[in-house]
Amino acid sequence: MTRKTAKPYVVLMVLTLLLSVLAGCSGSSNNKNTADNPAATEAANEGSATAEATAEAEDLSPLTLSFFAEDPNPNWNNMKDDVSKMLTEKTGVTLDAEFAVGDPQQKIALIAAGGDYPDIISAKADIGKLVDAGAVIDLTELIDKHAPNIKRVLGDNLARAKYNNDDQSIYAIPTWAAVDEKKFVAGGGFELQHRVVKEAGYPEIRTVKDYENVIKAYLEKHPTDENGNKNIGVSLNADDWHMYISVTNPAVATTGGSDDGEYYIDQETHEAIYHFRRPEEKEYFRWLNHMNDIGLLDKESFVQKYDQYKAKVATGRVLGLIDQDWDYNDAQQSLKTAGKFDQTYGHYPVTLTEEYKETSFWPTGFMGGYGISISTTNPDPVRTIKFLDYLASDEGQILNNWGIEGKHYVVENGKRVVPAEVQDRINNDNMAFTKESGISFYWNMMVHYGDGAKDSTGNYYTKNFPEQLLLGYSDVEKETLTAYNATTWKDLFPKEEEFKEKAYGAAWNIALPGEDEVTILGNKMRDITWKRIPQAILAKPADFDKVWDDYMADLDKAGVEKMEKGYTQYVQDRVELWSAE
């Protein structure tokens, strides 16, 4: 690869040589001064490190790095967007990116077995497969030498990036977790179209029965849309891994459990059980069975593909969802573009009964685990870590979150402001705007501050703060919130301070070795669950208990207790590792 000449680098070399000659002429007196003065020695070392970093930073020669992420990015524009162009201008790096389609675990398994690895990998919980294969490098030294911004942002939290108690290497820089975060966005819960709650008189939506009642009442009055097509009560997204988000995770959330993936963790003993074995959750699935029986559940929920699900939501015929907004947002944006704001969705803290508290905002503290890795076949790990370090800089974070000054935001009286015409595009043509701007494309590659954190200018790093969120709400959405005496959707949910911070972060982001028995057993349980849960939901109510009992028996035979015992050890090990920070 041909490298461009960097004139400041040449000047720096000349100055360095000159200073070396002068230092040599000064003799031993200068050496004694630094030897007797640790602060001077440290300052000299810092100056040397700064000079070295400056020299390295001047290498902006073109470098293309391959990148694979388990998270989809349907709006990726091959770095032809505004943010990506600026990123390449600042670093010289271009990404040849691939995003998972279908089951990301299968793709990671193929990558691990192939030996020809992407240069940068975002593997989430599957990082264990890559570590076992020797596919990713220990980043500890690279971070220490070449990533001052990553070190600054993470601070003591860097200790949570260690792989495990026995191997304290850093194979993935934590990028899913945000530093100093105060969440303002409630993007989950149970969703209802604004027209549905308005017609019902904005009743309290607290339990699954409340949720059911408003949907049932609306469908009785409006069985079809304006074109004669049938309206749908609730549609679930059960296509592949989306099953977790829309079908199985809500069973935990509605029965008082925190989001720990496929497990329920006792907060005192840190013992793990496969969460479906909780009697409370059986009753949640019995309710879904009831919804199916009375015709309020979409009959295609377990056969439709993801694109079909989004297309259905985009018609405006689906009255209720049980999902996360990022999973259906493309469809909701289509509704906004079409001006169907009353057919977009609000978020409600629904639980099975009033005895439970919805747990969307249960605090985890800073989580290690999911992050970004550099492969052993990467041609230039130093340039790569410096690229990732730029993303962690204030400039990089503002670029990713806000875009380009003068085009996507302006500064007025010292505050970053999104111009009205830009906000209008975000509200009404978000998919096209995102594809063109590239804003937020890099969040899962970068160490970053969270919502609510402010930079040195007093501005928020992200645009997810109450005043800015309100600008993104339609008049219909504001009308619904006002009816519930709320300003944002979070106002309806139990707050962080109502829960005790979890000592292990979140169990779902604990990385397990690829061939570990817990992983193998987990895959068996998943296959059983994904077969039995739809059967239970779609069964005749009289047969529900029989199907459920067969499901529990299948889990027992497959070794669920052995899996639980093994996973408990991983959770307790993390508590021990993090307690030793």
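The values are calculated or read from the model by the stated rules, or taken from the named source; none is laboratory data. As the structure is a prediction and not an experimental result, all values here were calculated from the model. Note that we place each Cβ from the backbone using ideal geometry, even for glycine, and neighbour counts take in every protein chain shown.
Figures for the structure shown
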| read-out | value |
| --- | --- |
| So Tyr390, is it more than 30 Å from Ala251 (Cβ to Cβ) and out of contact with any strand residue (DSSP E or B) (no Cβ under 6 Å at 6 or more places or on another chain) | yes |
| Residue ID - surrounded by the most Cβ atoms within 10 Å (Cβ to Cβ), chosen from residues in region 307-344 that are touching a Lys or Arg at 6+ places or on another chain (Cβ under 7 Å) and part of a helix (DSSP H, G or I) | Tyr328 |
| Among residues of region 168-198, those that are more than 26 Å from Val252 (Cα to Cα) and aromatic (Phe, Trp, Tyr), counted | 1 |
| Hits in region 292-306 (condition: among the polar types (S, T, N, Q) and either in a loop (DSSP other than H, G, I, E, B) or not assigned by TED's automatic domain parsing to the domain that holds Ser235 (or both)) | Ser301, Gln304 |
| Failed criterion for His448 (all others in (1) farther than 21 Å from Glu421 by Cβ; (2) modelled with pLDDT under 95; (3) surrounded by 17 or more Cβ atoms within 10 Å (Cβ to Cβ) hold) | (2) |
| Qualifying positions in region 235-262 - assigned to a strand (DSSP E or B) and surrounded by fewer than 23 Cβ atoms within 10 Å (Cβ to Cβ) | none |
| Residues that are part of a loop (DSSP other than H, G, I, E, B) and surrounded by 18 or more Cβ atoms within 10 Å (Cβ to Cβ), drawn from region 504-531 | Tyr504, Gly505, Ala506, Ile510, Ala511, Leu512, Gly514 |
| Any hit, region 89-105, residues being at pLDDT below 95, within 27 Å of His242 (Cβ to Cβ) and small (Gly, Ala, Ser) | yes |
| Looking only at region 235-251, and only at residues there that are touching a residue at least 60 places away in the same chain (Cβ under 8 Å) and among the aliphatic types (A, V, I, L, M), the one that is farthest from Asp527 (Cα to Cα) | Leu236 |
| Unmet criterion (only one of (1) more than 20 Å from Thr462 (Cα to Cα); (2) outside any helix (DSSP H, G or I)) for Lys182 | (1) |
| Options Tyr218, Tyr202; residue that is modelled with pLDDT of 95 or more, part of a loop (DSSP other than H, G, I, E, B) and aromatic (Phe, Trp, Tyr) | Tyr202 |
| Selection count, region 387-401, where residues are under 17 Å from the mean Cα position of the chain (by Cα) and closer than 12 Å to Val447 by Cα | 4 |
| Given (1) in a helix (DSSP H, G or I); (2) out of contact with any helix residue (DSSP H, G or I) (no Cβ under 7 Å at 6 or more places or on another chain); (3) acidic (Asp, Glu), index of the condition Glu355 fails | (1) |
| Options Pro203, Pro223: the member that is surrounded by fewer than 20 Cβ atoms within 10 Å (Cβ to Cβ), more than 30 Å from Ala100 (Cβ to Cβ), without any contact (Cβ under 8 Å) to a residue 24 or more places away in the chain and touching a strand residue (DSSP E or B) at 6+ places or on another chain (Cβ under 7 Å) | Pro223 |
